[in-house]
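Below is one structure, written out as structure tokens; comments come after it.
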Amino acid sequence: MVRQAVLTGLREHGEKIALLVYLGIVVAVTPVLAQLYATAWTESHILRSVMELREFVGIGQGVINFLFLGFVIGLLALMTLDPKKRWQALLIWIGLGVTLFFLASSGTFVPDVSQPEDAIAILPGLVLGLLLGGGRKALELKQMGPIEYRRATWSIYALLVGVVFVSLIEAHIVYPEFIEVSEQGVTILSPESSGLSLRADGLAVNVLASGVAVGTARRFTQYESNDSFFVLGPPASGKSLLLIGAYLKALERDEDKRQSQREALNPSQDLMELVENLDRDATDWIVEATGRSELQHLEFKFVKGTLFPKNVTVSSVDYAGEHLSRIPDALEGNISNPDAELEALTEGIRDANKLILLIDLERFVNNEGLGLAEYFSILEVAEDTGVVLVPTKADILADQYWEATEQDPQDSFDDFKQFVEDELSQSQQFSSLLRQTPELEVHPVYYETTLNEEDERVPARDDRGSVITVGFGRLLQRLGG
């Protein structure tokens, strides 16, 4: 329970903790890097020789400084406008300010604003940064949703990697001078000695700081989550309805935003056809079980996080539940010529780093077999794969929970989760599954239902005629975490 509480706390406040960690890294690492840059400039030969080429076109060092600074500011400005990278950009702004302060203090890089003819160079640098960073996107009327300036983000990362790499070489590799730049031109010298040596003073600290800075910046460039999911479930356990409910909940998350700020969810055609079927008739489910030789590619995207948002793609192949019994043998290579459907399923499981295992609560309440036997064999083969356990059709237990506690499951969902887990633990199969995967969480989901004239459960509808989902928001948070 303590471990679960810690994991839940990290999931809820993980972004705030990450922000404090990143801020600490910037404050600790930036002064070290600034000193590295200053040392590299002082000790450099190739870099200085390249910079001296400006004299052939009559450009002063101050112009170069302002041009480069404007270029970086242009890229950072676009990164700041990117809603998924604003906090990362703020951290980089802090790092840039600290770096300029230390370089100015050492007299290495001092943009002299008292020279207007030099300072004006910041404008073409700014324009260049905006153009190369993808600033023209802001002028395109066809843009839907928030604009991502990925090119600007990657350019900032590439600049950092390049500057750090060159600085490490110039500061710690001693080599003979072989280039001379003068009024007569560039002369390649024959060095008296061809030997190279290592300047080890401060090398370990600089390499460590550089590695931390580059690694952190690399994380700042990520737009997509690394998680990939695959749904497994017995026949008629609600695989299609699970993806539909998750998609509908993802749609609701952006309802309070302006149209221009809403993320495109990019649903697949098969998913939209299922959603259309569910909306077609307000008196029944309409969504039929997937045929044995039929595969449906269900996919959509949602954004997880507020400080450091990432695009999470929920993608699965919906299949006939009868295939579940054949999957363990296929994964172990015991089926020589698997059909296309089975091959697609095994490939999806191997490619996923998280499996969503469905538990059919209707079977449990009706004292039918849960059909979980194949899960154990699958988990043995995919032992390094994460597991999310999702009891479906939990509306059946929601009624029991209300009778036992007189509380609405939506108002006390954590207690309802525990209630569902306690009820399911009466099943030996379920208890064994929990023991095999002790770190998993149970995330019940359901559609609110009502009984029709034939005493069958059909989806309840709100005032707008839409189905009412419960637990899917929590599931999306778990998938995104």
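The values are calculated or read from the model by the stated rules, or taken from the named source; none is laboratory data. Just so it is clear, the structure is predicted and the values come from calculations on it, not from any experiment. Cβ coordinates were reconstructed from backbone atoms using ideal geometry, including for glycine residues, and neighbour counts include every protein chain displayed.
Listed conditions (1) in a loop (DSSP other than H, G, I, E, B); (2) within 22 Å of the chain's Cα centre (by Cα); (3) buried (at least 23 other Cβ atoms within 10 Å of the Cβ) are all met by N226, apart from (3).
When restricted to residues that are part of a loop (DSSP other than H, G, I, E, B), touching a strand residue (DSSP E or B) at 6+ places or on another chain (Cβ under 9 Å) and either among the polar types (S, T, N, Q) or more than 30 Å from T385 (Cα to Cα) (or both), the stretch 434-455 contains 3.
One line per residue, one yes/no per condition, for (1) polar (S, T, N, Q); (2) over 14 Å from the mean Cα position of the chain (by Cα); (3) more than 30 Å from T153 (Cα to Cα); (4) surrounded by fewer than 20 Cβ atoms within 10 Å (Cβ to Cβ):
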| position | (1), (2), (3), (4) |
| --- | --- |
| K301 | no, no, no, yes |
| G305 | no, no, no, yes |
| P309 | no, no, no, no |
| V314 | no, no, no, no |
| G333 | no, yes, yes, yes |
| E341 | no, yes, yes, yes |
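Of the residues making up the stretch 333-368, just one is touching a Lys or Arg at 6+ places or on another chain (Cβ under 7 Å), more than 21 Å from V317 (Cβ to Cβ) and not acidic (D, E), namely L361. Might you let me know whether the stretch 366-380 holds any residue that is in contact with a Leu (Cβ under 6 Å, 6 or more places away or on another chain) and on the phi > 0 side of the Ramachandran plot? No, the stretch 366-380 contains no residue that is in contact with a Leu (Cβ under 6 Å, 6 or more places away or on another chain) and on the phi > 0 side of the Ramachandran plot. If you take the residues of the stretch 5-25 that are surrounded by 11 or more Cβ atoms within 10 Å (Cβ to Cβ) and modelled with pLDDT under 75, which of them is nearest to Q418 (Cα to Cα)? By that ranking, first place goes to T8. Considering the stretch 353-410, and only residues there that are in a strand (DSSP E or B) and of a type outside the set (V, I, T), the residue that is nearest to the chain's Cα centre (by Cα) turns out to be K354. S268 falls short on exactly one of the conditions (1) among the polar types (S, T, N, Q); (2) under 23 Å from P146 (Cα atoms); (3) modelled with pLDDT under 85, and that condition is (3). Here the condition is being farther than 16 Å from L69 by Cα, at pLDDT below 95 and within 37 Å of the chain's Cα centre (by Cα); of L126, L198, L130, L139, it holds for L139 alone. Of the residues making up the stretch 454-481, those that are basic (K, R) and touching a residue at least 60 places away in the same chain (Cβ under 8 Å) are R457, R461, R474, R478.
Taking the listed residues D414, D360, the one that is buried (at least 16 other Cβ atoms within 10 Å of the Cβ) and charged (D, E, K, R) is D360, with no other qualifying.
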